[in-house]
Amino acid sequence: MSLVRSKHLIILALTYWLYFGQLGVLVPYLGIFLDGRGFTSAEIGELFAVITLARILGPGLWAGIADKNGNTVAVLRLGCFLTVVTFCSVFYFSGFWGLTLSFGLMMMFWTAVLPQLEVITMQSVATSRATYGQIRLWGSVGFICLTMAVGKALDVFSSETPVYASVGVLSLLFITALFIRAPQVKNTSTTGSGHIWQYLRQRPFAVFIFASACLQISFGAYYGFFALYLRDLGYSGQQTGIFIALGVLAEVGIFLLASRLIQAFGVWNLLFASLILTGVRWYALGALAESMWVILISQLVHALSFGLTHAVSVHFIHQFLPPSFHSRGQAIYISVAFGFGGALGNYMAGQQWDQGNNAFVTFTTAAAFSVIGALSLLLCKKKEMG
């Protein structure tokens, strides 16, 4: 591998570190920041819902721009720059609508980054001995490092800490993006016959999408209020960071085993088991979170709740749909499950939370949706899903 190519792969790895490190700064601690600004739990849930919707609306827009001009690096850099600019507006707004606009625009531009980064990385590793996983792994490392660092910082500084850290990380991300280059590749195109709807309306895919949406609805309480919940229970910011990092470590570990598990147990069995255990996870968090052991075990289950379900879902889409429909199948999966399901889950959790007074009810509702998703799988046969 040439020195230039090796340096470029290092830059890509650093970009992943910063990108997912920013998620480790903002996602777990945004609730604490908004609580410090005086937002109610309902408003926090509503703002999370808007952000989630922006994450779904943005990728299609940016992908269309990248496809038309063919310059993925320019779109990536523009996305990084506009993300920094719009995020800085959080220092000038204090009201609900102002901050909602700031975070919504920031997330809209933020979605320009990852799809282009994935394309460039896949093109880069195609002509090297490195693998995509070896580069992508640094994103999880960044998430863990910055989640723990900001968690510790919250014990020392104010609830504004996450936004100051975010500005620094996003600025470094933009600087790093200036050094990324796109490999020269031949333009190829594939076309498929028929319409994707002839596959989407089939029972296995419809059940899969419904179950996936239920799972993401159940995550609303966790994404929006987990850090606040632990703070109210007396856990320190550093402890919260460690708990979240543990979940990501478990997620990384299961990705390494996912292909073997799919071959051994199949899609249906793994989805059903993961959804049931996720339901148990949410109920345990709502009822027994005073015990540190319960939190530790529940975070290990994150390997199934997110890591395994995501790996299995990608596998299912690729084996159920023809190759010409893979990209659109993934887009529909992300839009319905993570977009609609995630936004609805965030909104519902915010309406229920009531400053933590209804934590048990909120997590029990989350558990119910996860179990409903599991039971919906009974509507199709195991062999139909693989």
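A few remarks follow.
- Heavy atoms of the protein chains alone define the surface here; on that basis the chain has 45 Å² accessible area per residue at 1.4 Å probe size.
- Shape parameters for the chain, alpha-carbon atoms, Rg then Dmax in Å: 20.5, 60
- Only helical runs count toward this figure. For the chain, summing -39,500 (n - 2.57) over DSSP H runs of n ≥ 4 and dividing by all residues gives -25500 deg cm²/dmol at 222 nm.
- Stretched out straight at 0.36 nm per residue, the stretch from SER94 to ILE196 would grow longer than its current Cα-Cα span by 32.2 nm.
- Percent carbon-and-sulfur accessible area, the chain, ignoring ligands, DNA and RNA, probe 1.4 Å: 67
- Relative contact order (%) - the stretch 261-386, alpha-carbon pairs under 8 angstrom, separation at least six: 47
- Stokes-Einstein D (µm²/s) once Rh is taken as the Kirkwood radius of the stretch 263-353 over alpha-carbon pairs, at 37 °C in 0.692 mPa s: 220
- The chain, relative contact order in percent, only Cα pairs under 8 angstrom and at least six apart counted: 28
- Chain lengthening between VAL280 and ILE297 when straightened (0.36 nm per residue, less Cα-Cα): 5.0 nm
- Think of the chain as a dipole: +1 on every Lys or Arg Cβ, -1 on every Asp or Glu Cβ, centred on the Cα centre; then among ALA359, LEU288, GLN299, GLN299 lies furthest on the positive end.
- Ranked by how many other beta carbons lie within 10 Å on average, peptides 83-96, 369-382 from highest: 369-382, 83-96
- C-alpha center-to-center spacing [the stretch 100-123, the stretch 332-386] in angstrom: 25
- Computed label-point distance, nm, for sites ILE175 and GLN319 using a 7 Å Cα→Cβ extension: 4.6
- Length available on full extension from LEU233 to LEU261: 0.36 nm per residue minus the Cα-Cα distance, which gives 6.5 nm.
- Table column - 3J(HN,Hα) (Hz), the stretch 237-253, Karplus curve with 6.51, -1.76, 1.60, x for Gly and Pro: x, 5, 4, 4, x, 5, 4, 5, 4, 4, x, 5, 4, 5, 4, 4, x
The values are calculated or read from the model by the stated rules, or taken from the named source; none is laboratory data. Since the model is a prediction, treat every value here as computed from it, not as a measurement. Positions of Cβ are generated from backbone atoms using ideal geometry, with glycine treated the same way; all protein chains shown enter the neighbour counts. Side chains are part of the model used for accessible areas, which takes the heavy atoms of the whole protein and leaves out ligands, DNA and RNA. Shrake-Rupley method; radii C 1.70, N 1.55, O 1.52, S 1.80 Å.
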